[in-house]
Amino acid sequence: MQHLCCKRVFTVAELANAAQASPPVLSIQMARLLKRGLVLRYAQGRYGPATGVSLEDVLPLVDSSAYATGFYALSRHNLVTQVPSEITCFTNRRHNRSRERQGPLGRLVFVCVSPRIYARPAKGLIASPEQALCDFLYLTGRKSLAAETLVTFRNLGSLRTRILDRILARYPRTVGKAVQRVIEFSKPRRLG
């Protein structure tokens, strides 16, 4: 369990206890702070400062089994030149409400995948570079899109082949073929 000193997003009850205020008084104080933009609502009943809150702080509050992957994780690992407009999160559960959630950190898109493909990272909530590439190619393949026409890849030579091969065993063969195609496509071309 996180200690309050390290925590960035709090429940209404935690804030009421820390402020030693009754719920009605806290409600008025929170409304004022929200109006000034000093505090933001990150999830239902969860509030935090306007700055310094990361995806890793918020994601477990929205879906405890989700992890960020795909285009967003590729961008975080510096493997694509573009910055994503949404954060793709793989989960092993279906969302009763919307699978897309707009919040202060951007639009979170939750994709429920099969147990074979779902692989929450052992450390952190961001997929490894190899897993992010496979997840991204899996998603683009499901939409019948060619990934190399959507983004500009870079630094793919930094991918660890042994780990990539182990991860690819969980995916359909089309993903393995797409990985080969993307790596070949992103190699520098010789002029002349």
Only residues that are over 29 Å from the mean Cα position of the chain (by Cα) and hydroxyl-bearing (Ser, Thr, Tyr): list them for the stretch 11-50, please.
22, 27
Flag if residue 88 is in contact with a Gly (Cβ under 9 Å, 6 or more places away or on another chain) and hydroxyl-bearing (Ser, Thr, Tyr):
yes
Any hit, the stretch 136-152, residues being modelled with pLDDT of 95 or more, under 16 Å from residue 55 (Cα atoms), touching a strand residue (DSSP E or B) at 6+ places or on another chain (Cβ under 9 Å) and not in a loop (DSSP other than H, G, I, E, B):
no
Need the failing condition index for residue 90 against (1) farther than 30 Å from residue 149 by Cβ; (2) assigned to a strand (DSSP E or B); (3) not aliphatic (A, V, I, L, M), just the number.
(1)
Say whether the condition of being free of Cβ contacts under 8 Å to residues at least 60 places away in the same chain and closer than 30 Å to residue 135 by Cβ is met by at least one residue in the stretch 22-44.
yes
If residue 91 passes every condition in (1) in contact with a helix residue (DSSP H, G or I) (Cβ under 9 Å, 6 or more places away or on another chain); (2) in the same structural domain as residue 155 (by TED's automatic domain parsing); (3) of a type outside the set (Gly, Ala, Ser); (4) buried (at least 19 other Cβ atoms within 10 Å of the Cβ) but one, which one does it miss?
(1)
Taking the residues in the stretch 135-149 that are closer than 14 Å to residue 80 by Cα and without any contact (Cβ under 8 Å) to a residue 60 or more places away in the chain as candidates, determine which candidate is surrounded by the fewest Cβ atoms within 10 Å (Cβ to Cβ).
149
Matching residues in the stretch 153-192 (closer than 18 Å to residue 74 by Cβ and surrounded by fewer than 12 Cβ atoms within 10 Å (Cβ to Cβ)) number 6
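The values are calculated or read from the model by the stated rules, or taken from the named source; none is laboratory data. This is a predicted model, so every value here is computed, not measured. Glycine gets a Cβ as well: all are built from the backbone with ideal geometry, and neighbour counts include every protein chain shown.
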